[in-house]
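Encoded as structure tokens, the structure appears first; notes follow it.
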């Protein structure tokens, strides 16, 4: 059995355009103060303010983004309803 399959199970690799399609017209969150792009970025760019304590080579090959759905400035009155 392949080591990756054994550890991670089935996986599907997507191109950046395929991943971007998940976000459609949703507003993308800025990943960190040092990375102002509001688009897909390498996972190594997602970190809080301060020095990057550890960099893994695999982080350069994995991309991600976070987007707001709905009104990001509004706090729902009943968040669990």
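The values are calculated or read from the model by the stated rules, or taken from the named source; none is laboratory data. Model, not experiment: these values are computed from the prediction. In this analysis, Cβ positions are derived from the backbone assuming ideal geometry, glycine residues included, and neighbour counts consider all displayed protein chains.
Consider residue 49 carefully, then state whether it is at pLDDT 80 or above and touching a strand residue (DSSP E or B) at 6+ places or on another chain (Cβ under 9 Å).
In short, no.
Evaluate region 23-33: report whether one residue or more is loosely packed, with under 13 Cβ neighbours inside 10 Å and at pLDDT below 80.
Yes, there is a match, as at least one residue in region 23-33 is loosely packed, with under 13 Cβ neighbours inside 10 Å and at pLDDT below 80.
Taking interchain pairs and intrachain pairs at least six residues apart, which have beta carbon atoms under 8 angstrom, with the first residue in region 7-23 and in contact (Cβ under 8 Å) with a residue 40 or more places away in the chain and the second surrounded by 10 or more Cβ atoms within 10 Å (Cβ to Cβ) and in a helix (DSSP H, G or I)?
none
Quick check on region 46-69: of everything there that is without any contact (Cβ under 8 Å) to a residue 24 or more places away in the chain and within 19 Å of residue 17 (Cβ to Cβ), which residue is nearest to the chain's Cα centre (by Cα)?
Result: 62.
When residues of region 36-59 are filtered for being in contact with a helix residue (DSSP H, G or I) (Cβ under 6 Å, 6 or more places away or on another chain) and exposed (fewer than 15 other Cβ atoms within 10 Å of the Cβ), how many remain?
Qualifying residue count for the region: 1.
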